[in-house]
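The values are calculated or read from the model by the stated rules, or taken from the named source; none is laboratory data. Note that this is a predicted model, so its numbers are computed, not measured. No Cβ is skipped: glycine too gets one built from the backbone with ideal geometry, and neighbour counts run over all protein chains shown. Please note that ligands, DNA and RNA were not included when accessible areas were found on the heavy atoms of the full protein model with its side chains. Shrake-Rupley method; radii C 1.70, N 1.55, O 1.52, S 1.80 Å.
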Amino acid sequence: MTSQDAVTAQNVVKSFGQGKVAVRALDDVSLSIRKGEFFTLLGPSGCGKTTLLRLIAGFEMPSGGTILLDGQDVTTLPPNRRPVNTVFQSYALFPHLTVRENVGFALKMQGRDRAEVEDRTNRMLALVKMEELADRATAQLSGGQQQRVALARALAPQPKVLLLDEPLSALDLKLRKEMQVELKRLQKETGITFVFVTHDQEEALTMSDRIGVMSAGRLQQVATPREIYTAPINRFVAGFIGETNFLPVTKGADGARLGCGAEVTALGEGPVLTVRPEQVGVVATDQPGAIAATVDTLIYFGTDMHVHLRLSDGAALVARLPLPPGGDPGIAAGDGVGVAFAPGAARLIGD
Amino acid sequence: MSRPEDTLRRRSDRNGWLLSAPALALLVFAASGPLMIVLVYSFLEKGQYGNVIWEFSLDGWVGILFSRDIFDGTLNLADAHMTIFWRSVKLSLLTTLITFTLGFPTAWFIATRPPAQRALWLFLMTIPFWTNLLIRTFAIGEILRTEGLINTALLKTGLIAAPIQMLYNEGAVLVGMAYVYLPLMVLPLFAAIERFDMRLLEAAYDLYASRMQVLRHVILPIVKPGIVAGSILVFVPSLGAYVTPRILGGGKNMMIGNFIELQFGQGRNWPLGAALSMTLLVIVTVALLFYVRAINRSGSGGGSHG
Ligand SMILES: Nc1ncnc2c1ncn2[C@@H]1O[C@H](COP(=O)(O)OP(=O)(O)O)[C@@H](O)[C@H]1O
Ligand SMILES: [Mg+2]
């Protein structure tokens, strides 16, 4: 609630419908988004990302809880009185207005004088590199161009927070990569707090200062991309971001005891051990601490290969290894090998 | 020099014209045939018992604006005619305005129902068409007349001491025309609003527009084609209305339609009737041109600096 935070959600609940058919889209979400950060809400479809964004924008009122912008309670303010703008997934450009008129729309609605509207509109058009197409109708633009106009339109009134609901999902891969860079640049240049929604974990990892991972209406973890990847808090987060191995464990003498009886040291606490495939090493069977395993299959991915392993209790484990320069992996299906986890890479998490 | 694709295109163009020729011929004949007859009649001399005498005369056209003094034969501006023209235009504009004011919220309501319900609402809108216009108009008269529904109710509840004269005035004509033409306004408005992308409302609202600004800067400009179509569909038949002013307006509140009928009936002045018909056509055309011009001017650029 300090004024360091651009957006604060406190115990926000949102239900749609009544009685038996009620859907709880958001379940006790508390969250602080810092000023000037690129914050991403990440989660599978239907987990409540859009709903949270719409509550921040003011299109919906929460069923419970409070929403603060810049330390001020805006829970019941309508969208046109919140210093927040949205880039819609469908862009929602005004079809009867030109590019320039779309970009200047908010300023005009705010009653700014004509010179200011013109000046700011021109600067926004330059910011998104759309000066040349300023007098086009929006229907004559490509998807990527419409995207830029939607961005300029939402940035023109200099909102405290910019909300972006899966803005890149309609673009093809190449354009998407370009726009990811572009969005980062715009955020840096304007210094505006971005709240970005996506279901694409790679997008979230590459773009964000911090990520909030959501599932089934609940906020699971809020952390930097690095933390989210290396120290996921639970099975959902670990599984949703990147590939990983899960092994059930029990408490051992000095560490976690795997199903096969081997003991490993792992950070954290919980009934499940998680370790990323690239942190799993295939070693000689007699190396100290090595866990005995059998090679099931080898799958090649260009420069890498995935080694599917089976521990003595039948638990499955995947290791990702760089292919040796000669191309010969040195192991084959059916081989007995040893498995070792990189130091600090194995973590215990909640289920 | 002649590429195969050109030959093909020419051939299919020619076939297209040939195929539509009968329809086009029928259209041209049906549209212009009767009109030509009316045009010719307007330049003939009136017969004594109606009908026309085949001799060129401008009397019909002169009679639109002037009347000849019975005694000395001088021409005077015909105030009565001017009143009728003015009343027709005024009532038609008012009818358009009223049907728009009532029709817009109605169309909006229907277009924002779940798709399955829309058909039902549209169906309900068409129910009045099941009954003959004449009968519906008489029914309105029944509601408005001195011993009618409204007056009886008001008298019974003691709100008034004596019945109010609501029938046989311009107000009654207006009520009748607004009632009759309302569906013609609602249907094109509905079609336009149904195509309106409701997400634009949120976008506008998000960009600091108030409710009135959303209406003025987003909704109205985008559904404009529907407004234009509805207004034309209401204004044009209103201008030529005959049944409604005749029944609800009584003899004293004639509109152009009644005036024309009078010339072909009791007035026995076919050339004047024909000239009046042509005048009506001209008024409609000019009004439409004006309207479309005004709309286009307030159009395209209007959203930004208007
Ligand atoms: N207007 C609404 N009425 C009823 N249910 C809704 C509405 N909006 C969202 N929901 C439900 O709330 C849940 C979360 O939806 P949403 O926030 O759109 O998820 P996401 O954006 O993460 O895909 C879903 O189960 C969805 O069906
Ligand atoms: Mg969504």
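Quick check on this structure: which one of B:150, B:164, B:160, B:140 is touching a residue at least 12 places away in the same chain (Cβ under 8 Å) and either in contact with a Lys or Arg (Cβ under 6 Å, 6 or more places away or on another chain) or not in a helix (DSSP H, G or I) (or both)? Being touching a residue at least 12 places away in the same chain (Cβ under 8 Å) and either in contact with a Lys or Arg (Cβ under 6 Å, 6 or more places away or on another chain) or not in a helix (DSSP H, G or I) (or both) holds for just one of B:150, B:164, B:160, B:140, which is B:164. For beta carbons closer than 8 Å, sequence separation of 6+ or different chains, a first residue in the range A:180-202 that is more than 16 Å from ligand 2 (Cβ to nearest atom) and modelled with pLDDT of 95 or more and a second that is open to solvent by 40 Å² or more (accessible area, probe 1.4 Å) and not in a strand (DSSP E or B), the qualifying pairs are A:192/A:158; A:192/A:160; A:193/A:35; A:193/A:160.
Looking across the range A:315-342, the residues that are part of a loop (DSSP other than H, G, I, E, B) and either of a type in the set (A, V, I, L, M) or without any contact (Cβ under 8 Å) to a residue 24 or more places away in the chain (or both) come down to A:315, A:323, A:324, A:325, A:326, A:327, A:328, A:330, A:331, A:332, A:333, A:342.
Here is a yes/no grid of residues against (1) free of Cβ contacts under 8 Å to residues at least 40 places away in the same chain; (2) open to solvent by 20 Å² or more (accessible area, probe 1.4 Å); (3) within 13 Å of ligand 2 (Cβ to nearest atom):
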| residue | (1), (2), (3) |
| --- | --- |
| A:28 | no, yes, no |
| A:35 | no, yes, no |
| A:41 | no, no, yes |
| A:52 | no, no, yes |
| A:58 | yes, no, no |
| A:104 | no, no, no |
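Evaluated against (1) modelled with pLDDT of 90 or more; (2) of a type outside the set (D, E, K, R); (3) within 18 Å of the chain's Cα centre (by Cα), residue B:292 falls short on exactly one condition, (1). Can you find even one residue in the range A:70-91 that is assigned to a loop (DSSP other than H, G, I, E, B), open to solvent by less than 10 Å² (accessible area, probe 1.4 Å), within 11 Å of chain B (Cβ to nearest Cβ) and under 29 Å from residue B:192 (Cβ atoms)? No, there is no match, as no residue in the range A:70-91 is assigned to a loop (DSSP other than H, G, I, E, B), open to solvent by less than 10 Å² (accessible area, probe 1.4 Å), within 11 Å of chain B (Cβ to nearest Cβ) and under 29 Å from residue B:192 (Cβ atoms). When each of A:66, A:98 is tested for being within 10 Å of chain B (Cβ to nearest Cβ), open to solvent by 10 Å² or more (accessible area, probe 1.4 Å) and of a type in the set (Ser, Thr, Tyr), the lone residue that passes is A:98. Checking the range A:137-144 against the condition returns a match, with at least one residue being of a type in the set (Ser, Thr, Tyr), over 25 Å from residue A:210 (Cα atoms) and in a loop (DSSP other than H, G, I, E, B). Each residue in the range A:103-124 was checked for being within 9 Å of chain B (Cβ to nearest Cβ) and under 11 Å from residue B:207 (Cβ atoms), and 7 of them qualify. Inside the range B:167-201, residues that are among the hydroxyl-bearing types (Ser, Thr, Tyr) and either facing another protein chain (nearest Cβ under 9 Å) or outside any loop (DSSP other than H, G, I, E, B) (or both) make up a count of 2.
Select the strands (runs of 3 or more DSSP E) contained entirely in the range A:256-306, then report the ones holding at least 3 residues which are surrounded by fewer than 16 Cβ atoms within 10 Å (Cβ to Cβ). Can you show your working first?
Details: elements: A:256-258, A:272-275, A:280-283, A:291-301.
Once the strands (runs of 3 or more DSSP E) in the range A:256-306 are filtered for at least 3 residues that are surrounded by fewer than 16 Cβ atoms within 10 Å (Cβ to Cβ), what remains is A:291-301.
Could you please let me know if residue A:197 is surrounded by 19 or more Cβ atoms within 10 Å (Cβ to Cβ), touching a helix residue (DSSP H, G or I) at 6+ places or on another chain (Cβ under 8 Å) and within 14 Å of another protein chain (Cβ to nearest Cβ)? Here the answer is no, as residue A:197 does not meet what is asked.
Taken together, the residues in the range B:221-255 that are over 30 Å from residue B:141 (Cβ atoms) and surrounded by fewer than 17 Cβ atoms within 10 Å (Cβ to Cβ) amount to 1. Can you find even one residue in the range A:31-50 that is near ligand 1 (Cβ under 8 Å from one of its atoms) and within 14 Å of another protein chain (Cβ to nearest Cβ)? Yes, that holds for at least one residue. Within the range A:125-156, the set of residues being open to solvent by less than 10 Å² (accessible area, probe 1.4 Å) and at the interface with chain B (Cβ under 10 Å from one of its Cβ atoms) comprises A:150, A:153, A:154, A:156. Residues in the range B:258-289 that are within 25 Å of residue B:57 (Cα to Cα), small (Gly, Ala, Ser) and under 22 Å from the mean Cα position of the chain (by Cα): B:273, B:274, B:275, B:277.
Listed by position, the strands (runs of 3 or more DSSP E) enclosed by the range A:205-253 that each have at least 2 residues that are touching a Ser or Thr at 6+ places or on another chain (Cβ under 7 Å) are A:210-215, A:245-251.
Among the residues of the range A:165-194, just one is surrounded by fewer than 24 Cβ atoms within 10 Å (Cβ to Cβ) and assigned to a strand (DSSP E or B), namely A:165. For the range A:319-332, the criterion of being among the small types (Gly, Ala, Ser), more than 26 Å from residue A:42 (Cβ to Cβ) and touching a Pro at 6+ places or on another chain (Cβ under 6 Å) is met by at least one residue. Counting only helices (runs of 4 or more DSSP H) that fall entirely inside the range B:202-258 and contain at least 1 residues that are away from chain A (no Cβ under 14 Å) and under 30 Å from residue A:101 (Cβ atoms), the qualifying elements are B:224-239.
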